[in-house]
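Undergrad: I have a structure I would like to understand better, so I am pasting it below and will then ask my questions one at a time.
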Amino acid sequence: MKTSYSVPTDLMGLSNEEYTTIINILKRVPNYTELGIFSVMWSEHCSYKSSKLWLKSLPTSGAQVIQGPGENAGVVDIGDGLAAIFKIESHNHPSFIEPYQGAATGVGGIMRDVFTMGARPIANLNALRFGSPEHHKTRHLVNGVVSGIGGYGNCMGVPTVGGEVNFDSSYNGNILVNAMTVGIASIEKIFYSAAAGVDLPVVYVGSKTGRDGIHGATMASAEFAGDSEEKRPTVQVGDPFTEKLLLEACLELMATDAIVAIQDMGAAGLTSSSVEMASKGGVGINLNIDKVPRRETGMSAYEIMLSESQERMLMVLKPGHEDMAKEIFKKWEIDFEVIGSTNDSGYLTLIEDGKLVTSIPVAPLVDAAPEYDRPWDPTPTQPIIKTKDVIISDNLESALKVMLSSPNLCSRQWVWEQYDHMVMGDTVIRPGGDAALVRVHDTSKGIAITTDCTPRYVLADPIEGGRQAVAESYRNITSVGAKPLAVTNNLNFGNPEKPETMGQLVGAVKGISEACLALDCPVVSGNVSLYNETNGKSILPTPVIGCVGIIDNISKSVSFGFKASEEIIIVIGETVGWLGCSLYQKQFTGKSTGAPPPVNLNDERKNGDLIRNLIADNCLTSCHDVSDGGIAIAIAEMAIENEIGAKIDFEPTIPIHSWAFGEDQGRYIVTTNKPDYVQSQASDVGVKSMVIGVTCSDTLTLPGTRPISIEQLRNCHRSWFPEYMSG
């Protein structure tokens, strides 16, 4: 005979079916705290219930991979006994509600994911998407987010070295703030989160627990419905000074052999950290709620377990090491408290005031989380747009200046100058180029890092857009001379319950998978952020790719700015003048239509291998990949960087605007003093190359234009952001 029960009016984001499943697991009705624990563990944000079916298809292994998805961050071997540890994560909803704290705590959270595994963070990046510049909230959001990122990263003493900033009206009600961190660790000292063993002390370290961020994971798993201001209490508050102390204390303890397992208290706080550690270790865990350090009075077990207060870690130690560990944290003025122990029960049990208040089997919290095969519709195939339907009548010089000063192509110098990108003294290539390059301290090695995505391509063709996001990040890393090793992804989409949106996610994952396989760049970590929409209006599908590469000798790296006059300019790769889905089309017609440029993954691999070999042979003096805006924008950026001009005396056989602004893939602009050798090497491996001009003093001459002052172009390129932000 079935027991009857009433369904609560507040299911905390769970469906009626999910609530029924919980009843069947427990064989009773959950109490309020238990329901809260299930709700956050089974939220979209924590369980990936709409996406994990498809995430399983991503390539995650390779000779260079030490740890793939499933841990706090991914780990790849960079040689000489060292590993790069990295991940990207979203803090989208919190940053829209409270831009400074939302962005700041996003940076703090991703850094904890990295140093939890034993790595000292060496670089931060971010991928930011805002609404239309004309929207009344955009300037406020840009200012708050940039200030929050800079405020947290600068205080931590970790350089912010790269990223993206883009604008589109689809983000008016739901901005994207994706934060990435890269750290370096010894392969012999990597820490994991599996709490294997019984009768081991469970230790809480870090800031005290407050009521901030309660149900933040649930909030991040639902679309906005005009109530974002009401959700302000679910946004966490960050303290970078405490995190800096926590970082140093953790790294000092990690130098000993005291730690069995360690986990950041991120989304869902003490709940997710304790459950995930116990689940991976195959053990039960008992927590005494009364021992949790807190900064507010009268907090219930529910509030303590679901709080997302920042700068906190959960550790499992070897017995007998508690006093030694406590002394380390005391020295750094960080709270340290033994709050429980592991056991062989297989249950999460909570004790409050000496009474058992919660008893939940650990395994179902993770293993029985829903996995949905949601209905999805493929995105309709878009037509190939004919060049004549896009080109405007304006002359090339005028079009170039308009493009360079547009919100999505103008210089981001205003943004990155607010970040300390040189702290630690190891930044080799600063923000503004294709990829940042950071020296591995006390070595000649360099870590190249980038983020990239072209959402308008993904909207038009999710598979092609997914391929392109990986290929573009691959080209960015290659452009500085580094070998791409692996990627982390942040899949930002709308409501997965809509077949159209789910089809975008499925297509993007397919495209990412194909590109990662073809380019030998496995996915080692990542994040999925769904329900990015407001009142039913979705963002552009935005699967951001963060890529990490290695160069063994930083002295052989190149950057994108022209270095001297009288150097030969060569285009590597084929140009056909693809204007469909281009920024040129968007700028001058107000629309983004047609199929995006196709990505030939075989050509990407061949062209990338050629570029890296030429750089390693000291044959190239500069290199810039051709992306948004096409060849003309790439050349102008190269000229502006060091105020060295160029004369392009090549006569295109296609319409000049499509040659200048077409966004054909797989291309690089390079300069060299050895043009014959470069072209012979390209020919030998079946890569198209073409000499198009020569660098010169201080003007840029494109086919059919008069010489244009580099100073004019620089003013066009660098003025929009500061003028916009000054109002």
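Undergrad: For residues that are under 24 Å from the mean Cα position of the chain (by Cα), among the small types (G, A, S) and open to solvent by less than 30 Å² (accessible area, probe 1.4 Å), scanning just region 595-633, find the one that is nearest to G686 (Cα to Cα).
TA: G608
Undergrad: Of the numbered conditions (1) assigned to a helix (DSSP H, G or I); (2) touching a residue at least 60 places away in the same chain (Cβ under 8 Å); (3) surrounded by 22 or more Cβ atoms within 10 Å (Cβ to Cβ), T21 satisfies every one except a single condition; which is it?
TA: Result: T21 fails condition (3) only.
Undergrad: Touching a helix residue (DSSP H, G or I) at 6+ places or on another chain (Cβ under 9 Å), assigned to a strand (DSSP E or B) and either over 18 Å from L409 (Cβ atoms) or of a type in the set (A, V, I, L, M) (or both), is that true of V691?
TA: The answer is yes for V691.
Undergrad: Are there any pairs with C-beta distances below 8 angstrom linking a residue in region 59-79 that is within 12 Å of V548 (Cα to Cα) to a residue that is hydroxyl-bearing (S, T, Y), with the two at least 6 apart or on different chains, and if so which?
TA: Between residues of region 59-79 that are within 12 Å of V548 (Cα to Cα) and residues that are hydroxyl-bearing (S, T, Y), the close pairs are G74/T488; G74/S525.
Undergrad: Scanning for something open to solvent by 20 Å² or more (accessible area, probe 1.4 Å), among the small types (G, A, S), under 17 Å from M725 (Cβ atoms) and touching a residue at least 60 places away in the same chain (Cβ under 8 Å), does region 103-114 turn up at least one residue?
TA: No - not one qualifying residue is present in region 103-114.
Undergrad: Can you pull out the residues in region 582-608 that are in a loop (DSSP other than H, G, I, E, B) and either more than 16 Å from I384 (Cβ to Cβ) or hydrophobic (A, V, I, L, M, F, W, C) (or both)?
TA: G590, A595, V599
Undergrad: What residue, of L485, L400, is touching a residue at least 60 places away in the same chain (Cβ under 8 Å), open to solvent by less than 40 Å² (accessible area, probe 1.4 Å), assigned to a strand (DSSP E or B) and not polar (S, T, N, Q)?
TA: Testing whether each residue is touching a residue at least 60 places away in the same chain (Cβ under 8 Å), open to solvent by less than 40 Å² (accessible area, probe 1.4 Å), assigned to a strand (DSSP E or B) and not polar (S, T, N, Q) leaves just L485.
Undergrad: Also: Taking A469 as the residue in question, decide whether it is outside any loop (DSSP other than H, G, I, E, B) and farther than 27 Å from K586 by Cβ.
TA: Judged against the criteria, A469 is not a match.
Undergrad: If only one of E514, E472, E533 is surrounded by fewer than 24 Cβ atoms within 10 Å (Cβ to Cβ) and touching an Asp or Glu at 6+ places or on another chain (Cβ under 6 Å), which one is it?
TA: Exactly one of E514, E472, E533 is surrounded by fewer than 24 Cβ atoms within 10 Å (Cβ to Cβ) and touching an Asp or Glu at 6+ places or on another chain (Cβ under 6 Å), namely E533.
Undergrad: What's the number of the only condition in (1) over 30 Å from T181 (Cβ atoms); (2) at pLDDT 95 or above that F588 fails to meet?
TA: So the condition that F588 fails would be (2).
Undergrad: Scan (1) over 15 Å from L620 (Cβ atoms); (2) touching a strand residue (DSSP E or B) at 6+ places or on another chain (Cβ under 9 Å); (3) at pLDDT 95 or above for the single condition P703 breaks and write down its number.
TA: Single failed check for P703: (3).
Undergrad: Give me the pairs: first residue in region 426-453 and closer than 19 Å to G157 by Cα and free of Cβ contacts under 8 Å to residues at least 40 places away in the same chain, second residue open to solvent by 20 Å² or more (accessible area, probe 1.4 Å) and part of a loop (DSSP other than H, G, I, E, B), beta-carbon distance under 7 Å, and six or more apart or on different chains, which are they?
TA: Pairs found: none.
Undergrad: If you don't mind, there's one more thing I want to ask. Do we have any residue at all in region 609-619 that's assigned to a strand (DSSP E or B) and among the acidic types (D, E)?
TA: no
Undergrad: Determine if region 628-651 includes at least one residue that is among the aromatic types (F, W, Y) and either over 28 Å from E604 (Cβ atoms) or modelled with pLDDT of 95 or more (or both).
TA: No: zero hits.
Undergrad: Also, I was wondering about something else. Are there any strands (runs of 3 or more DSSP E) wholly within region 252-353 with 3 or more residues that are closer than 23 Å to V114 by Cα and open to solvent by less than 50 Å² (accessible area, probe 1.4 Å), and if so which?
TA: 259-264, 312-317
Undergrad: Looking at this structure, is L356 surrounded by fewer than 20 Cβ atoms within 10 Å (Cβ to Cβ) and either on the phi > 0 side of the Ramachandran plot or in a strand (DSSP E or B) (or both)?
TA: So L356 fits the description; yes.
Undergrad: Look through region 186-214, keep the residues that are crowded, with 23+ Cβ neighbours inside 10 Å and within 30 Å of I539 (Cα to Cα), and return whichever of them is modelled with the lowest pLDDT.
TA: So, considering only residues that are crowded, with 23+ Cβ neighbours inside 10 Å and within 30 Å of I539 (Cα to Cα), the one modelled with the lowest pLDDT is G213.
The values are calculated or read from the model by the stated rules, or taken from the named source; none is laboratory data. This structure is a prediction, so every number in the text was calculated from the model and none was measured. A quick note on method: Cβ atoms are made from the backbone with ideal geometry, for glycine too, and the neighbour counts reach across all protein chains shown. Note: accessible area is taken over every heavy atom of the protein model, side chains too, but ligands, DNA and RNA are not part of it. Shrake-Rupley method; radii C 1.70, N 1.55, O 1.52, S 1.80 Å.
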